[in-house]
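Asker: Supplied in structure tokens, the structure appears directly below.
The values are calculated or read from the model by the stated rules, or taken from the named source; none is laboratory data. Computed from a predicted model, the values in this text were never measured in an experiment. All Cβ positions, glycine included, derive from the backbone under ideal geometry; neighbour counts span all protein chains shown. Ligands, DNA and RNA are excluded from the accessible area calculation, which covers all protein heavy atoms including side chains. Shrake-Rupley method; radii C 1.70, N 1.55, O 1.52, S 1.80 Å.
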Amino acid sequence: MRKRTLPAFGVAAATAGALTLGLSLAPASADAAPASHGHRTITIEAVEKGTAINMVDVAPADSALGDQLIGTGDLIGRDGRKLGTSSFVGVSTDAKPRTAELLTFVYELPGGKITTAGTAKLSASGPVFDERFAITGGTGRYKNASGEVRVLQETVEQAKVTFEIQHG
């Protein structure tokens, strides 16, 4: 097993009604170990700082179904340097406000991009959500990446993010 350190990356999880995201990045390390089928898994743990969010309220006004949350975030390293960006779109999939969203994320990282998608059940108490999103593709260094990203959205302001990137 070979161990190497990678830069930290993050994601701001979009939640209906969120207006600001203020997050900081944790250190990241990755263990690259060959799997039995020739793939290796890279684990990255991080948090992120949002830069812009816009909410789109679609008709009818008393329903959240179809409402959208669109935003971007800067990926900031432990040393305070910007490492990349994240972009996201969340679409409410329930008529009741803040109950469920379909989320798509694009992470622009050094050497390429990773895309993810999935759904989140939102909670009115405790963490906003704790969900796993499928890695749906990538470019550059992440061209053949698969795996998942776990987002523990503890508050509107902070999420713990764990990338489990399978690469081969």
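Asker: Which whole-angstrom value gives the distance between the alpha carbon centres of the range 64-95 and the range 124-149?
Answerer: Rounded to whole Å, the Cα centres lie 13 Å apart.
Asker: Cβ under 12 Å from S63's Cβ, S63 left aside: what net charge do those residues give with Lys, Arg +1 and Asp, Glu -1?
Answerer: Computed value for this residue: -3.
Asker: Could you state how much accessible area R98 has, in square angstrom rounded to the nearest 10, with a 1.4 Å probe and all protein chains kept in place?
Answerer: Roughly 90 Å² of R98 is accessible to a 1.4 Å probe.
Asker: A follow-up question, please. Return the long-range amide H neighbours of L83 (sequence gap of 5 or more, or a different chain), with a cut-off of under 5 Å between placed amide H atoms.
Answerer: Residues meeting the criterion, in which the H sits 1.01 Å from N, are L75, I76, G77.
Asker: If amide hydrogens are placed 1.01 Å from N in the peptide plane, which non-local residues have theirs closer than 5 Å to the one on G147?
Answerer: I135, Q166
Asker: Within 10 Å, count the other beta carbons around each residue, average over each peptide in 121-130, 84-93, and list them highest first.
Answerer: Top of the packing list down: 84-93, 121-130.
Asker: Something else: When the Karplus curve 6.51 cos²θ - 1.76 cosθ + 1.60 is applied with θ = phi - 60°, which whole-Hz ³J(HN,Hα) does each residue of the range 97-112 get, with x for Gly and Pro?
Answerer: Going residue by residue, I get x, 6, 10, 7, 9, 9, 10, 10, 10, 10, 10, 8, 10, x, x, x Hz, with x marking Gly and Pro.
Asker: First select every other residue whose beta carbon is under 13 angstrom from the beta carbon of E131; then total the charges, Lys and Arg +1, Asp and Glu -1.
Answerer: After counting each charged neighbour, the total is 0.
Asker: Here's another thing I want to ask about it. Roughly speaking, what is the stretch gain from K82 to T104, that is 0.36 nm per residue apart minus the C-alpha to C-alpha distance, in nm to one decimal?
Answerer: 5.7 nm
Asker: Further question on the same structure: Cα to Cα, under 24 Å, and not fewer than 8 places away if on the same chain: which lysines meet these conditions relative to K96?
Answerer: Within the straight-line limit of under 24 Å, K96 reaches these lysines: K121.
Asker: Rounded, prolate or oblate: which fits the range 95-168, taking a ≥ b ≥ c as square roots of the Cα gyration tensor eigenvalues, rounded meaning a/c under 1.5, else prolate when a/b beats b/c?
Answerer: prolate
Asker: Label points 7 Å out from Cα along the Cβ direction at A95 and K121: separation in nm?
Answerer: Placing both labels 7 Å beyond Cα along the Cβ direction yields 2.0 nm.
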